[in-house]
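See structure below.
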Amino acid sequence: MGEQSFIVRVYGVVQGVGFRYFTREQALRRKLRGHAYNLADGSVEVWIAGQREQVQSMLSWLERGPRTAQVSHIEVTECDALPPPGFHTN
């Protein structure tokens, strides 16, 4: 089976609450690669790639985020490119 790749913009109270740390932890548990970066507008960009079932599970988690965050909504865009190995944060 091939990999799926998505770029996800996460909006709400998602900066300064450990969102990127918890996202990295969840992604690594699912053996995904990509990144979680804070953006200037207060949102977080998450690029995830991996096996379909794991990616779909991660997308569901991103809709809620960790308890410390308040996710208002996410925007999901499928991506043809794959991120480099590992999961990185800024």
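The values are calculated or read from the model by the stated rules, or taken from the named source; none is laboratory data. Quick caveat, the model's predicted, so the values are computed rather than measured. With ligands, DNA and RNA removed, areas are computed over all heavy atoms of the protein, side chains included. Shrake-Rupley method; radii C 1.70, N 1.55, O 1.52, S 1.80 Å.
Please express the Cα-Cα pair-distance distribution P(r) of the chain as a list of whole percents, one per 10 Å bin, running from 0 to the bin with the greatest distance.
Using 10 Å bins, I get a P(r) of 19, 58, 22, 1 for the chain.
Relative to the present Cα-Cα distance, how much length would full extension add between THR89 and GLU25 at 0.36 nm per residue of separation?
22.0 nm
Would you mind telling me the share, in percent, of accessible area of the chain contributed by carbon and sulfur at probe 1.4 angstrom?
Answer for the chain: carbon and sulfur cover 48 percent of the accessible area.
Pairwise over distinct Cα atoms, reciprocal of the mean inverse distance: report the Kirkwood radius of the range 44-90 in Å, one decimal place. Numbers along the way, then the final one.
Details: mean 1/r = 0.0828 Å⁻¹.
One over the average 1/r among Cα pairs gives 12.1 Å for the range 44-90.
In degrees, nearest 10, range 0 to 90: what is the angle between the Cα axis of helix 19-29 and the longest Cα principal axis of the chain?
20 degrees
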